[in-house]
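Chemist: Can you read through this structure? Questions will come right after.
Just so you know, all these numbers are worked out from the coordinates, no wet-lab data involved. For clarity, every value in this text was computed on a predicted model and none was experimentally measured. Every residue, glycine among them, receives a Cβ derived from its backbone with ideal geometry; neighbour counts consider all protein chains shown.
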C-alpha cells in the first residue's frame, strides 16, 4: 500500500520546504537522482491512486496498479519529452494500466453514495441522479449502491473514465483530452453521452 502523504504547515523555527517545481524535479529524476523520483511519487501518488480506485473500487488492486504506474514511469522517465505536464504523462500511464486491468479482470466498478453526494457536485447534470428530497433516497443504501454499480458497469470503459476524470476528479476537458488522446469536443461528447446514460439507468432516482 502506498503511503498516505499529509502536507502540514512547517512548525515555527523549521525552514519551509522549497516551492514545488515539477520541471526541475523531473530533470533531476531523468539524471538518475532517486530522491527526485521519490519526490515525484510523493507529489502524485494520492491523485493517481484515487483515480484508479474510482475505476475499480478495490483498495488492494488500486494500490498495486498505482505502484506499477510509478515503476513504469520511473523506468521510462527519459522518454518524457515535456510536450505535456509530467502529471498528464503519468496519468496516461495509470489510465492505460487501469483499462488493461479492467479488460482482463472484469472487476466490478463501485461508486459510493458518498462520492456521488460529495464529489459529483462539479457536474450539474449529475446532481439529480440521486435526490435527497425523494422518497427513494430512503431505500437501503446497500441496495442503492448496487444500482449505481450496475449503472456504471453499463458504460463503456472510455465513458466511465471520462466521468471519473471530469465529475469526480474535477479535471478540465483539455487535460482529459491529452490523457485520452482526443480533442476537447470528443471529451465533451463522451461526457454528455455518459451522463445521459447514467440518467437513463438511474431514472427512478431522478428528481421529479
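Chemist: Using the count of nearby Cβ atoms within 10 Å as a rough guide to exposure, how do 167, 33, 64, 181 rank from fewest to most?
Modeler: 181, 33, 64, 167
Chemist: Give or take rounding to whole Å, what are the principal axis extents of the alpha carbon atoms in region 22-105, in descending order?
Modeler: Rounded to whole Å, the extents work out to 36, 21, 17 Å.
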